[in-house]
1. Karplus couplings for segment 48-53 from phi (6.51 cos²θ - 1.76 cosθ + 1.60, θ = phi - 60°), rounded to Hz, Gly and Pro as x?
2. If you plug each phi of segment 71-78 into the Karplus form 6.51 cos²θ - 1.76 cosθ + 1.60 with θ = phi - 60°, what whole-Hz ³J(HN,Hα) values come out, in order, with x for Gly and Pro?
3. Tell me which residues come under 5 Å, amide H to amide H, from LEU37 once H is placed; ignore anything under 5 positions away on its chain.
4. Quick one: Kirkwood hydrodynamic radius for segment 30-97, alpha-carbon pairs, angstrom, one decimal?
5. What list of ³J(HN,Hα) couplings, whole Hz, do you get for segment 84-92 from phi and the Karplus terms 6.51, -1.76, 1.60, once you set θ to phi - 60° and write x for glycine and proline?
6. Could you size up the charge dipole of the chain around its Cα centre, putting +1 on the beta carbon of Lys and Arg and -1 on that of Asp and Glu, and report it in debye to the nearest 20?
7. Taking other Cβ within 10 Å of each residue's Cβ, how do TRP56, TRP10 sort, fewest first?
8. Among ILE17, GLN94, LEU37, whose Cα lies farthest out toward the positive end of the dipole of the chain, if unit charges sit on the beta carbon of Lys, Arg (+1) and Asp, Glu (-1)?
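No lab work stands behind these numbers, since they all come straight from the coordinates. This is a predicted model, so every value here is computed, not measured. Backbone-built Cβ (ideal geometry, glycine too); neighbour counts: all protein chains shown.
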Amino acid sequence: MNRFWRAVFWLVLILSIFPLYTRYKAAAAPIPPGVHLGGVELSRLKEPDQVQAALWERFDEPIAVYFGDERLILRPEDVDFQLDVERMLAEAQQYLEG
């Protein structure tokens, strides 16, 4: 019976620590684990400036678009492409809050 109570004790302890851990994770990262912004996994980054730099690295390259048989190259600066990183982070924050 002693083994049973020891297991119950550890289970209660772990379950009581879990809410503290989730609060810590919410405060430690602007983006929760597993959330992708623009197809880029960014949860390892802590600062909004780092997130913006990582997104610009991905989206600052030209893309090819085909119109019929014609291939067009679109450069972000030519089409006035802009990233709204603050809005993307605000939407990601919703997943931290539940």
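1. With coefficients 6.51, -1.76 and 1.60, one gets x, 5, 5, 4, 4, 5 Hz.
2. For segment 71-78, the Karplus curve yields 9, 10, 9, 9, 9, x, 6, 6 Hz.
3. The answer is LEU42.
4. Final number for the Kirkwood radius of segment 30-97 is 13.4 Å.
5. Result, ordered by residue: 9, 5, 4, 5, 4, 5, 4, 5, 5 Hz.
6. Charge dipole of the chain: 1220 debye, to the nearest 20.
7. TRP10, TRP56
8. In the chain, that residue is ILE17.
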